[in-house]
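Below is one structure, written out as structure tokens; comments come after it.
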Amino acid sequence: MSRNTDQSRKLQHRAEQFIPGGVNSPVRAFRSVGSEPLYIVRGHGSHIYDADGNDYIDYIGSWGPLILGHAAPVVIDAIIAAARNGTSFGASTPAEADLAELIISAFTHMQKVRFVSSGTEATMSAIRLARAYTKRKYIVKFEGCYHGHSDGLLVKAGSGVATLGIPGSAGVPEEFTQFTLALPYNDTNAVEQAFGKFKHQIACVIVEPVVGNMGCVPPAPGYLEALRAMTARDNSLLIFDEVMTGFRLAFGGAQELYGIQPNLTTMGKIIGGGLPVGAYGGPSEIMNLIAPLGPVYQAGTLSGNPLAMAAGYATLNYLLKHKDVYATLDKLAAELVAGVAAAAKDAGVTISHNRVGSMFTWFFTAGPVTDWTSAEKCDTKAFGNFFRAMLENGIYLPPSQFEVAFLSATHTEQDMQQTIAAAKQAFAGVAA
Ligand SMILES: *Cc1c(COP(=O)(O)O)cnc(C)c1O
């Protein structure tokens, strides 16, 4: 072991005294890769630095928000300027409608948007709204899709939950999930059957249009079209959970990339520019059911927080003015994913890979990975070995086989080459 991680270990031991597992979100504990968490003290562009001064190329980007890289000057300047005027008022500020207008401009179906403070709140609230609008109880979600940690959605929820092997979660009465139908992803027949069995009872189908929370799993050709058609036929709402994909795969998210219009869209991550923000939006006809205009209650002390609005606006405004970012990200990510796959092949290590734009996963299975059943076949031990070897070589990948890796606009050609070289060494170790 060349890297010294004494400071991170010390900090973790201290945190464990006061915080469950020492972490405020379970995947950060590195348990599923047989490692210990690093304490990050600084980030700059595509790199992060831990408490022992080690330097890593970061492929997590705060789990998606940091498409402009760490400490992007346009974002930091906007946050500082906003903070000088006060951090929160619990009253309306001009920045809220500014960010709302910019977000709405990205999505054809959207006329109004409501801000919350996390993706979890966005999906929870969108489902409440869908049930109120349709006056129906059932919802459909897909195995391996994660929509935050609200009770009714913690059913076969991928990534963190899957990594820990928790079938849902303790503390959720089964009565709270009895209206949640969890179906296999990319399986049109399963949805058809659900609509047959629960005719006119399904309020909405919520889906990650490109899944990021069982590793990267793209929709099969025609799948999103089929979801659109089946929900429309039954007067059920289609909710695209674009918390991860919104402003990531294209400015207008997966719905722009695939040309499908959902009824409601949930957002988070990038729209907060690294500060806590979530949002849900759709046509006025549906959105006007939310209080104070309508009977659907939803509120938040820090919703629309001025610092978060400033960070989000700076990020989206930059993306709007530099839409070529998406083509560059696509090209670099393609090179990286192919380079690492070739390194695996040379070393005789079996992997498969999925990628859409700047979201990608190397799966330690022959693949193809198209749903949770095929993702689950991965050799997570081999992934853990690969993860630890990459970390030794200064590459910070998501610490779970079932989490997607991200590129930012600050990643360079040199970062790609360095990562591919590290992978060559890592696969030699995995194969041995
Ligand atoms: C991250 C994520 C969420 C949850 O967002 P939080 O801000 O962590 O609550 C919901 N849906 C998707 C698709 C996500 O990737």
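All conditions in (1) in a loop (DSSP other than H, G, I, E, B); (2) surrounded by fewer than 23 Cβ atoms within 10 Å (Cβ to Cβ) hold for F402, with the sole exception of (2).
Note on the range 29-51: residues that are open to solvent by 100 Å² or more (accessible area, probe 1.4 Å) and in contact (Cβ under 8 Å) with a residue 60 or more places away in the chain total 1.
Go through the range 218-248 and give me each residue that's closer than 18 Å to L329 by Cα and aliphatic (A, V, I, L, M).
Residues of the range 218-248 that are closer than 18 Å to L329 by Cα, as a first pass: 218, 244-248.
If the condition is that a residue be closer than 18 Å to L329 by Cα and aliphatic (A, V, I, L, M), then M244 is the only one that fits.
Quick one: is I67 within 16 Å of the ligand (Cβ to nearest atom), within 20 Å of the chain's Cα centre (by Cα) and closer than 19 Å to L316 by Cβ?
Working: within 16 Å of the ligand (Cβ to nearest atom): yes; within 20 Å of the chain's Cα centre (by Cα): yes; closer than 19 Å to L316 by Cβ: yes.
So I67 passes the test.
Every residue in the range 9-28 that is in contact with a helix residue (DSSP H, G or I) (Cβ under 7 Å, 6 or more places away or on another chain), part of a helix (DSSP H, G or I) and surrounded by 16 or more Cβ atoms within 10 Å (Cβ to Cβ), please. If the condition is that a residue be in contact with a helix residue (DSSP H, G or I) (Cβ under 7 Å, 6 or more places away or on another chain), part of a helix (DSSP H, G or I) and surrounded by 16 or more Cβ atoms within 10 Å (Cβ to Cβ), then Q12, A15, G22, P26, V27 are the ones that fit. For the range 108-124, the count of residues that are away from the ligand (no atom under 15 Å from the Cβ), farther than 16 Å from G300 by Cα, aliphatic (A, V, I, L, M) and not in a loop (DSSP other than H, G, I, E, B) is zero.
In the range 206-227, what residues are in contact (Cβ under 8 Å) with a residue 60 or more places away in the chain and within 16 Å of the ligand (Cβ to nearest atom)? Walk me through how you get there before you give the answer.
We begin by selecting, within the range 206-227, every residue in contact (Cβ under 8 Å) with a residue 60 or more places away in the chain; these are 206-208, 210-218, 220.
Passing the criteria: I206, V207, E208, V210, V211, G212, N213, M214, G215, C216, V217, P218.
For the range 196-227, residues that are farther than 26 Å from T365 by Cα, open to solvent by less than 10 Å² (accessible area, probe 1.4 Å) and either in a helix (DSSP H, G or I) or of a type in the set (S, T, Y) (or both) total 1.
Name the residues in the range 288-320 that are under 18 Å from G253 (Cβ atoms) and not aromatic (F, W, Y), would you?
Taking the range 288-320 first, the residues under 18 Å from G253 (Cβ atoms) are 312-313, 315-320.
Once the filter is applied, which keeps residues that are under 18 Å from G253 (Cβ atoms) and not aromatic (F, W, Y), the range 288-320 yields G312, T315, L316, N317, L319, L320.
The values are calculated or read from the model by the stated rules, or taken from the named source; none is laboratory data. Given the structure is predicted, the values throughout are model-derived calculations rather than measurements. Cβ atoms come from the backbone with ideal geometry, glycine included; neighbour counts cover every protein chain shown. SASA here: full protein model, heavy atoms, side chains in, ligands and nucleic acids out. Shrake-Rupley method; radii C 1.70, N 1.55, O 1.52, S 1.80 Å.
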